[in-house]
Amino acid sequence: MSAGVVVEGHTLSHDLEERCDVVVIGTGAGGATVATELAEAGLEVVMLEEGSYYKTEQFEPVASKMVRRLYRDAGASFAIGTPAVHFAEGRCVGGSTVINGGMSWRTPEKVLDRWRREEAVDRISAREMEPYFERVERRMHVARQDPESLGRDTELLAEGATALGYKVIPNLRNQLHCAGSNNCAFGCPTGAKRSTLVSYIPRALTFGARLYTEARVTRILHKRKRATGVEARVGVNGHSRRLTVHAKVVVVAGGAAQSPALMMRSGFKSPSGRLGRDLSLHPNGKVIAVFDENVEGWKGVHQGHQVREFQDEGFIMAVANIPPGVLAMTAPQYGRALGRLIDDYNRMVVAGVLVEDTAFGRVRVGPGGRPFLFYDLSDADAVRLKRGIGLLAEMLFAAGARRVILPFEGVPDLFSPDDVKRIFRDPIPKSAMELFTVHLMGTCRMGDDPTRAVTSSYGAVHDAAGLYVADASLFPSAIGVNPMETIMALATRTAEHIAENRRRLLA
Ligand SMILES: Cc1cc2nc3c(=O)[nH]c(=O)nc-3n(C[C@H](O)[C@H](O)[C@H](O)COP(=O)(O)OP(=O)(O)OC[C@H]3O[C@@H](n4cnc5c(N)ncnc54)[C@H](O)[C@@H]3O)c2cc1C
Ligand code: SF4
C-alpha cells in the first residue's frame, strides 16, 4: 500500500494520460465511498472531481463567498416547470456532503420493500442492507448531537410539535462533538461534520487512490458498448489541460443531474429508455415564523430535530436557519416591509416541509452538454405540501410565534392559529408556490429488469460493459428522508460487487 496523491488541476502544466483499474467521476456521497472501498480492497483507483479542493480551515461563515466556491453555479439553479423549483448541489472535493446538513438516516424499510417488490431490485431488504448501513455509520460517525449544540429554533419547533401531541425525534448526524456553529451549508469550520472530505477521501488516499481536482469529465470513452476510460478538461479560469484516464471500470458518481447528462453526451443509450428520466426531488416549502423572544436561530446545529408524525402521509418537517441575505431574496416582502421583516431576523424560526414526491421529472442535455432539469409538481404533492405547511404553522403558533410568513404568493401572513384556514380557503395555483430542494434523485434507476431500469441492482449499466453508476441517480423513487446514507450504503454495495467480480472486470 502506498499513499495516494492529490493533483490540483490548476497546477497541471501539460496534457496527461493515466492508467488504472477503476476511474471514479465525482467525490461526493457516492463517488468517495465507492473509491475508498475499492482502494481498500486493493484496486488501483483514480478519482476525478470537477470542483476545487478546499480544506476545513478555509470554510468561513460568509455565504456569498462560500456558495461561489462550493456550490455548482453558486447554488442558483432551477428545475424548469410549474412551479420552478430552486435546487442546489455541491461542486468541490467532497461534493454535496461538504455543504449538506449532515442528517444521516437509513432508507425507510417500506421504501426498500417497494424497491424489491415493484422495481426488481435484488437483495435490498432492511436485513440485507444492514451491514452496509452499519459500515457507513461507523466510517462517518453517525450519532446524536451533544445536547449543548442544539439551538433555540430547533427547541421551539420541538416544543410546538410536542404541545400538539406530534412525534418529534432528535436528528442523527454524521458528526463528532459538533460545536453547533450552524455553518454546515458553507463548509464545517471545525471538521466535526464527517463529510467525505474529512472521512472517506483521506482514507482513499491512504490506500493509494489518486485524486485530480478541477477535472471535469467531458466524456466517457468506449469501444462499442465497453467503457474504456474518460476524458477530462482540467484547470480553472481559462487554464485548461486534457487528462485522459484509461481504466477497466468507469464509475459515474456526478450526482443525479450530472451523471445522466455525462452518459448521454458520451453516446450511451439505455434500452429501457429511462436514462435521464424518473427524477424525484423531495420538494421543500418553508415558513418564516416571528417570535417575541430572541431566538438567535444562527446559534446551534442545523436541524436538531425532525417532526416524524406525518411520515406515513409522505412529509417530514424540521427547522433550518438561513442567512439574512438568502432569506431576503426568497421572502415574499419587498421595500420597507422587507426591511422590517429583516429587522426581526433575531426573533425568527425558519422551518420547512419535505415532501416524498410522487411526480417524476427529467434531465435533458442542453447547450455545452449541460443538464437541464424539467419537473412539474403533481396535484397530490401540492395538496400534501399545503397540508404540511398548515400543520407547521400550527406547531409554530403553539410554540409562541406571533406571525407566520408562507411560501405561497398571494396568501397573506398568518397572525394566529385561526388564520391557518386561509391556506385552504381558496385554491393556490402551483405557480404561486415557492419551492426548493437539495435532494436530486433518480435519473439512472436501478433494477434487474433491463426494459425498465438503467442499471442492475448493483449499479452496473445494462447493455454496457465496465460502466457503473454509484450516486443518487440509482434511486427508483423518492425515499422521504434525507438521502446521503442511502447513497453511501448503495455505493458500498456496488464497490463490493466490483471487488468480488474483479477477475472478470479487470481482465
Ligand atoms: C445544501 C444541502 C443540504 C443537504 N442536506 C442533507 C442532509 O442533511 N442529509 C442528507 O442525507 N442529504 C442532504 N443533502 C443531499 C445529499 O448531500 C446529496 O443527496 C448527496 O450528497 C448526493 O450524493 P451524490 O454522490 O449523488 O452527489 P454529490 O454528493 O453531489 O457529488 C457529486 C460530485 O461529482 C462532481 N461531478 C459532477 N459531474 C462531474 C464531472 N463531469 N466530472 C467530474 N466531477 C463531476 C460534482 O462536482 C460533485 O462534487 C443536502 C444537499 C445539499 C446541497
Ligand atoms: S453546526 Fe456542527 S457540523 Fe455544522 S458547521 Fe457547525 S460544528 Fe460543523
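Brief remarks on what is shown
Yes/no matrix, rows are residues, columns are (1) of a type outside the set (D, E, K, R); (2) on the phi < 0 side of the Ramachandran plot:
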site: 84; (1), (2): yes, yes
site: 87; (1), (2): yes, yes
site: 91; (1), (2): no, yes
site: 103; (1), (2): yes, yes
site: 109; (1), (2): no, yes
site: 116; (1), (2): no, yes
site: 123; (1), (2): no, no
site: 129; (1), (2): yes, yes
site: 136; (1), (2): yes, yes
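- The set of residues in region 150-185 that are touching a helix residue (DSSP H, G or I) at 6+ places or on another chain (Cβ under 6 Å) and more than 8 Å from ligand 2 (Cβ to nearest atom) comprises 160, 161, 163, 164, 168.
- Screening residue 64 with (1) closer than 24 Å to residue 439 by Cβ; (2) part of a helix (DSSP H, G or I); (3) at pLDDT 95 or above gives one miss only, at (3).
- Looking across region 170-182, just one residue is open to solvent by less than 10 Å² (accessible area, probe 1.4 Å) and closer than 15 Å to residue 56 by Cα, and that is 175.
- Residue check for residue 385: out of contact with any Cys (no Cβ under 7 Å at 6 or more places or on another chain), at negative phi and open to solvent by less than 10 Å² (accessible area, probe 1.4 Å): yes
- Residues of region 431-440 satisfying the condition of being assigned to a loop (DSSP other than H, G, I, E, B) and of a type in the set (A, V, I, L, M): 438, 440
- Residue check, residue 270 part of a loop (DSSP other than H, G, I, E, B), of a type in the set (S, T, N, Q) and under 12 Å from residue 443 (Cα atoms): yes
- Only one entry in 143, 88, 79, 74 is more than 28 Å from residue 202 (Cβ to Cβ) and either of a type outside the set (Lys, Arg) or open to solvent by 20 Å² or more (accessible area, probe 1.4 Å) (or both), namely 79.
- Within region 1-19, residues that are within 13 Å of residue 233 (Cα to Cα) and open to solvent by 80 Å² or more (accessible area, probe 1.4 Å) have Cβ atoms under 8 Å from residues that are at pLDDT 95 or above and part of a loop (DSSP other than H, G, I, E, B) in these pairs: 10/214, counting only partners at least 6 apart in sequence or on another chain.
- In region 393-401, the condition of being assigned to a helix (DSSP H, G or I), of a type in the set (Phe, Trp, Tyr) and either touching a strand residue (DSSP E or B) at 6+ places or on another chain (Cβ under 8 Å) or modelled with pLDDT of 95 or more (or both) is met by at least one residue.
- Of the candidates 349, 301, the single residue that is more than 30 Å from residue 268 (Cβ to Cβ) and out of contact with any strand residue (DSSP E or B) (no Cβ under 6 Å at 6 or more places or on another chain) is 301.
- For region 170-192, a residue qualifies if it is part of a loop (DSSP other than H, G, I, E, B) and either on the phi > 0 side of the Ramachandran plot or more than 13 Å from ligand 1 (Cβ to nearest atom) (or both), and the qualifying residues are 176, 177, 179, 180, 181, 182, 187, 189, 190, 191, 192.
- Region 187-198, residues that are buried (at least 22 other Cβ atoms within 10 Å of the Cβ) and more than 8 Å from ligand 2 (Cβ to nearest atom): 194, 195, 196, 197
- Residue among 287, 301, 326, 295 that is assigned to a helix (DSSP H, G or I), touching a residue at least 40 places away in the same chain (Cβ under 8 Å) and among the β-branched types (Val, Ile, Thr): 326
- Checking 243, 262, 221, 205 one by one, the residue that is surrounded by 21 or more Cβ atoms within 10 Å (Cβ to Cβ), more than 25 Å from residue 80 (Cα to Cα), at pLDDT 95 or above and in contact with a strand residue (DSSP E or B) (Cβ under 7 Å, 6 or more places away or on another chain) is 243 and no other.
- Inter-residue pairs, beta-carbon under 9 Å, first in a helix (DSSP H, G or I) and in region 96-120, second among the charged types (D, E, K, R) and within 16 Å of ligand 2 (Cβ to nearest atom), 6+ apart: 97/193; 97/194; 98/193
- Meets criteria (open to solvent by 10 Å² or more (accessible area, probe 1.4 Å), more than 16 Å from ligand 2 (Cβ to nearest atom), part of a loop (DSSP other than H, G, I, E, B) and among the polar types (S, T, N, Q)) for residue 443: no
- Residue match in region 148-158 (condition: open to solvent by less than 20 Å² (accessible area, probe 1.4 Å), in contact with a strand residue (DSSP E or B) (Cβ under 6 Å, 6 or more places away or on another chain), under 17 Å from residue 30 (Cβ atoms) and not aliphatic (A, V, I, L, M)): no
- Filter result (in a strand (DSSP E or B) and open to solvent by 20 Å² or more (accessible area, probe 1.4 Å)) within region 246-259: 246, 248
- Residue match in region 414-430 (condition: within 16 Å of ligand 1 (Cβ to nearest atom), part of a strand (DSSP E or B) and of a type in the set (A, V, I, L, M, F, W, C)): no
The values are calculated or read from the model by the stated rules, or taken from the named source; none is laboratory data. All values derive from a computational prediction rather than experimental measurement. Using ideal geometry, Cβ is built from the backbone for each residue, glycine included, and neighbour counts are taken over all protein chains shown. For the accessible areas, the whole protein counts, side chains as well, though only heavy atoms, and no ligand, DNA or RNA atoms are used. Shrake-Rupley method; radii C 1.70, N 1.55, O 1.52, S 1.80 Å.
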